[in-house]
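*Asks:* Have a look at the structure that comes next, please.
Read the figures in this text as sums done on the coordinates, not as results from a lab. Quick caveat: nothing in here was measured; it's all calculated off a predicted structure. Note that we place each Cβ from the backbone using ideal geometry, even for glycine, and neighbour counts take in every protein chain shown.
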Amino acid sequence: MTFKAQGEIVSAHKILLAMRSAVFDAKFYRPMATRDKESQDITIDDMQPAIFKVFLHFIYTDSLPYMVDLDDDDKREMVKHLLVAADKYAIERMKVIHEGMLCLSLDVETVATILALAKQLHCSNLKDA
């Protein structure tokens, strides 16, 4: 199937997505799922293509790609976006990993925004950090 993340086309296997995410499983395979048999395209408007590709990388490999080309602030931003995606698509292991990464990167400048995110996503470990 094909995803369109803010205009960029990315392909993925529906069965694998459904196996890793209860949200995708319900979307693709549950009786009440809204399915258009003619279209295998899904639009993702709330995720940048680079974030979506890392999200899919995790779904496929259960690991994160190295982010050596990103500085610390960009890594933290990516991790925050991936935490939101993990919560939205109910990928608990991914959520726990990114929550831990944010716990390790807290500083005076970011603590308020990360605390707000932790409250929004019910991340108790991150709130307690």
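*Asks:* What fraction of the DSSP beta bridges in the chain is antiparallel, stated in percent and rounded to the nearest 5?
*Replies:* Looking only at bridges with both residues in the chain, the antiparallel portion is about 50 percent.
*Asks:* What do you get for chymotrypsin sites (Phe, Trp or Tyr not before Pro) in region 1-110 restricted to DSSP loop and a cutoff of at most 12 other Cβ within 10 Å of the site's Cβ?
*Replies:* 66
*Asks:* Next question. Within the set of other residues whose C-beta is less than 12 Å from the C-beta of residue 17, count the net charge using Lys and Arg as +1 and Asp and Glu as -1.
*Replies:* The answer is +2.
*Asks:* Okay, moving on. Within the chain, what's the longest run with no GluC sites (Glu not before Pro) in a DSSP loop and at most 12 other beta-carbon atoms within 10 Å? Give the range, please.
*Replies:* Result, exposed sites excluded: 39-108.
*Asks:* Per DSSP H run of n ≥ 4, the term is -39500 (n - 2.57); total these for the chain, divide by its residue number, and report the mean residue ellipticity at 222 nm rounded to 500 deg cm²/dmol.
*Replies:* Roughly -17000 deg cm²/dmol at 222 nm, from the helical runs in the chain.
*Asks:* Right, another one. Relative to the compact-globule scaling 2.2 N^0.38 Å, provide the ratio for the alpha-carbon radius of gyration of the chain.
*Replies:* After normalising by residue count via 2.2 N^0.38 Å, the value is 1.12.
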